[in-house]
Each structure stands twice: as structure tokens, then as C-alpha cells.
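Some notes on the structure that comes next.
Just so you know, all these numbers are worked out from the coordinates, no wet-lab data involved. Since this is a predicted model, take the numbers as computed values, not measurements. Neighbour counts are summed over all protein chains in view; Cβ atoms, including those assigned to glycine, are modelled from backbone coordinates with ideal geometry.
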Amino acid sequence: MHGYRYIEGTATLQVDLQRCVACGLCAEVCPHRIFALSAEGLEVKDYDLCMECGACARNCPVQAITVSPGVGCAAALLAPLVNRLLGRKVLSGCC
């Protein structure tokens, strides 16, 4: 998902670096690969690439990451595709 950017300066992603244990799970699950691990710990490469899917927050074992609303409109965009691939019929709608 290279090249997709959110509206400049509006991403709700927050990382509590004091709480982070640098396990790397957020980097593994992020579809836009906005996280990087270094010797200093976790780094957010570009907040504006966050599509607010909430995968990082859901997989953080110490709740160091928050994303509000957490699944935003990314869910509305991705759910129909996933449901179509899985053969499920669901009502459409946004947030």
C-alpha cells in the first residue's frame, strides 16, 4: 500500500514511548509500514501514512499505542473487499 497518505496532520495515532517494550508487533501488522525499530526503540516514520486501521493498537501487548477512532473509515473501505473475498454478504455503510 505504498504512496497512500492521510490528510496532513490529522492522524490520531499516539505512541507512549515510556510504555513501549519495542517488541515489534506493531511494525509487523502495520499495512503501511510506518513503524521502525532501532537501538533507541520504536520510531514512527510518518504519522500521515497511518490509515487508522487500529491493527497496531490491537496487537500491542502493553497498550502503548492508541488510535482513535481505531478503525475509522479504513474499516469501511476494507470490510467490503474482505467480505467479498470470504463470500459473506453484509449491509454496506460507513462508520
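Structure summary
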| item | result |
| --- | --- |
| Residue order, fewest to most beta carbons within 10 Å, for 89, 45 | 89, 45 |
| Peptides 18-28, 78-88, 54-64 ordered by average Cβ neighbours within 10 Å, highest first | 54-64, 18-28, 78-88 |
| Normalised contact order of segment 14-86, rounded percent, pairs of Cα under 8 Å and 6 or more residues apart | 30 |
| Radius 11 Å from Cβ of residue 63, net charge of other residues (Lys, Arg +1; Asp, Glu -1) | +1 |
| Rounded if a/c under 1.5, otherwise prolate or oblate - segment 14-86, Cα gyration tensor axes | prolate |
